[in-house]
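Visitor: Please see the structure below; I have some questions.
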Amino acid sequence: MVVGKLRPATVTVDLAAIRHNVKEEIKRLDGHSELFAVVKADGYGHGAVPVARACRAAGATGFCVALLDEALELRAAHFTEPILVLGITPANEAAIAAANDVSLTFGTLEWLQAAAENLAAHANTPLKVHIALDTGMGRIGFREEADLRAACDYLTAHQDTFITEGIFTHFATADEKDTTYFKQQAKRFNELVAVLPRRPKYVHVSNSATSLWHAACNGNMVRFGVAIYGLNPSGRGIPELPYPLQPALSLTSELTFVKMLHKGDAVSYGATYHAAGDEWIGTVPLGYADGWLRRLQGFHVLVNGQPCEIVGRICMDQFMIRLPEQLPVGTTVTLVGEDHGATVSMQDVADYSHTIHYELCCILTQRLPRRYINE
Ligand SMILES: *Cc1c(COP(=O)(O)O)cnc(C)c1O
C-alpha cells in the first residue's frame, strides 16, 4: 500500500487530545482499576503505535486489539505491557501468542483443548487467557453455567498450560439512555462470574460507554476505545459527558484547481450538478479511495471558516466544491476539524452519511498520510 506522502491531503492526529481523554478517564476510575487502551483497527484509523504510546504516557497500563497480528505490531514496537486480543484467535496460533506474551480470548472448552494441543506441539510457554461471557451481546463467549464450569475445571487441571488472567463481557446497549437491557446483562454477568472458583486478575466489562455512564459491575479494568479518540460513543444519543472529550483527528487538504463555471455547466460523473450562474468551483484531491464516501455529495467542507457545498459526484481521488469567491490554488480545505472557529465533526459527517463515527475513522485508508502533533 502506497502512503501519499507527497500529496496535499493529511490526517492529523493530536496526541495531546488523546492524552487528555485518557487522563480524564483514569482520574474517574477508583484506585484499583486499570485502563487498557483499545487500539484495534490501527487505533481506529489514527495509527495504533503512536496512539498506544500517547495512551501509555497518559497512564494506560495495557492494550486491547482485535487480532493477534495487531498485538504483534505492538510487540514489534517494543510495548511490554499486557495486550489482550478481544476476538477469537484460531487455536492453532496459540503458541505464537504465548511466545509473544499476548493474552487470548476464548469462549468454548473446545478452543482450550485445541489451543493446548498447539501449545504442547511448540515451546511450552503457558498462554494467558481471558474468558469471554456472552451476557446478551450474542457475539462470543459462554452463555451457560455448565459449559463455563467445565472450562474452569479444565483450566484448573491445566495450570501449566494456561494462566487464567481475566474474565469479561461486552454490553450491547451501554450507549443508550434506556438501561433495561444493560441491567439484564450486568445481572447475568454476576451470575456467571459466580461460577468461577476464584477471581482472575482482571474482571472487565467496560467499553467507553460503560465506563463513562455506568457503574462498573465490580470490574477492575476498562477497555477504553472510541473515547480515547475524543468521540462520544453514543453519537448524539447521550450528550452529557463527565468531562469534555477532545477529538484527536482532523482531515485537511487544499485546492488543487480553481475555475469559473457559467450557468448550466456541469460537474463530475453523471453531470448531476449544473451551475446556477457564474460559480467558482474548486477541486479537492481526495475521494472515496481515501474513505471520503461517495454519498457525501451535497455535504460541505470548510474553506476559510466558511461551509462550501460538495457539488457533483465524489470521484475516487477528487471532488469539487462551490467556493464563495475566487480563491487561490493551495487554499486549505478542512474536511474534518476546526477552521477559523467553524467545525465539521466526525459526527456531522456520520449524520450526513447515515453511519457512525467509528466506521468513518476506520475507513480512512492508508493512502492518507498520518501526521502527529503535540507528541
Ligand atoms: C471494540 C471493543 C471495545 C471498545 O469499544 P468502544 O466503544 O470503542 O469503547 C471494548 N470491548 C470490546 C470487546 C470491543 O470489541
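Visitor: Being aromatic (Phe, Trp, Tyr) and not assigned by TED's automatic domain parsing to the domain that holds residue 299 is the filter; apply it to the range 318-375 and report the residue that is nearest to residue 225 (Cα to Cα).
Guide: 358
Listed here are the residues, each with its yes/no results for (1) more than 16 Å from the ligand (Cβ to nearest atom); (2) open to solvent by 60 Å² or more (accessible area, probe 1.4 Å).
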| residue | (1), (2) |
| --- | --- |
| 29 | no, no |
| 43 | no, no |
| 53 | yes, yes |
| 65 | no, no |
| 70 | no, no |
| 92 | yes, yes |
| 97 | yes, no |
| 107 | no, no |
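Visitor: Right, another one. For the range 207-259, what are the residues that are touching a Cys at 6+ places or on another chain (Cβ under 9 Å) and among the aliphatic types (A, V, I, L, M)?
Guide: 226, 228, 231, 249, listed by residue number.
Visitor: Does residue 165 satisfy the criteria of being acidic (Asp, Glu), assigned to a strand (DSSP E or B) and under 31 Å from the mean Cα position of the chain (by Cα)?
Guide: So residue 165 fits the description; yes.
Visitor: Could I ask something else about it? Quickly run through the range 109-122 and pick out the residues that are without any contact (Cβ under 8 Å) to a residue 40 or more places away in the chain and either open to solvent by 70 Å² or more (accessible area, probe 1.4 Å) or β-branched (Val, Ile, Thr) (or both).
Guide: Across the range 109-122, the qualifying residues are 110, 117, 121, 122.
Visitor: From the set of residues in the range 162-205 that are polar (S, T, N, Q) and within 19 Å of residue 34 (Cβ to Cβ), which is surrounded by the fewest Cβ atoms within 10 Å (Cβ to Cβ)?
Guide: The qualifying residue surrounded by the fewest Cβ atoms within 10 Å (Cβ to Cβ) is 164.
Visitor: Of all the residues that make up the range 210-228, how many are over 14 Å from residue 37 (Cα atoms), hydrophobic (A, V, I, L, M, F, W, C) and either surrounded by fewer than 22 Cβ atoms within 10 Å (Cβ to Cβ) or within 15 Å of the chain's Cα centre (by Cα) (or both)?
Guide: 4
Visitor: Something else now. Can we say residue 240 is under 29 Å from residue 351 (Cα atoms), more than 16 Å from the ligand (Cβ to nearest atom) and part of a loop (DSSP other than H, G, I, E, B)?
Guide: Considered against the rule, which asks whether it is under 29 Å from residue 351 (Cα atoms), more than 16 Å from the ligand (Cβ to nearest atom) and part of a loop (DSSP other than H, G, I, E, B), residue 240 comes out as yes.
Visitor: Of all the residues that make up the range 31-41, how many are more than 13 Å from the ligand (Cβ to nearest atom) and either in contact (Cβ under 8 Å) with a residue 12 or more places away in the chain or open to solvent by less than 50 Å² (accessible area, probe 1.4 Å) (or both)?
Guide: Within the range 31-41, residues that are more than 13 Å from the ligand (Cβ to nearest atom) and either in contact (Cβ under 8 Å) with a residue 12 or more places away in the chain or open to solvent by less than 50 Å² (accessible area, probe 1.4 Å) (or both) number 3.
Visitor: Report, ordered by the first and then the second residue, all pairs with beta carbons closer than 9 Å, sequence separation of six or more or different chains, a first member in the range 253-275 that is in the same structural domain as residue 301 (by TED's automatic domain parsing) and in a helix (DSSP H, G or I), and a second member that is open to solvent by less than 50 Å² (accessible area, probe 1.4 Å) and not hydrophobic (A, V, I, L, M, F, W, C).
Guide: So the pair list comes out as 269/312; 270/312; 271/312.
Visitor: Sort through 197, 233 and tell me the only one that's out of contact with any Pro (no Cβ under 7 Å at 6 or more places or on another chain), in contact (Cβ under 8 Å) with a residue 12 or more places away in the chain and more than 16 Å from the ligand (Cβ to nearest atom).
Guide: Of 197, 233, the one residue that is out of contact with any Pro (no Cβ under 7 Å at 6 or more places or on another chain), in contact (Cβ under 8 Å) with a residue 12 or more places away in the chain and more than 16 Å from the ligand (Cβ to nearest atom) is 197.
The values are calculated or read from the model by the stated rules, or taken from the named source; none is laboratory data. Quantities reported herein were computed from a predicted structural model and do not represent experimental measurements. When we count neighbours, we look across all protein chains shown, and the Cβ atoms used for this are built from the backbone with ideal geometry, even at glycine. Note: accessible area is taken over every heavy atom of the protein model, side chains too, but ligands, DNA and RNA are not part of it. Shrake-Rupley method; radii C 1.70, N 1.55, O 1.52, S 1.80 Å.
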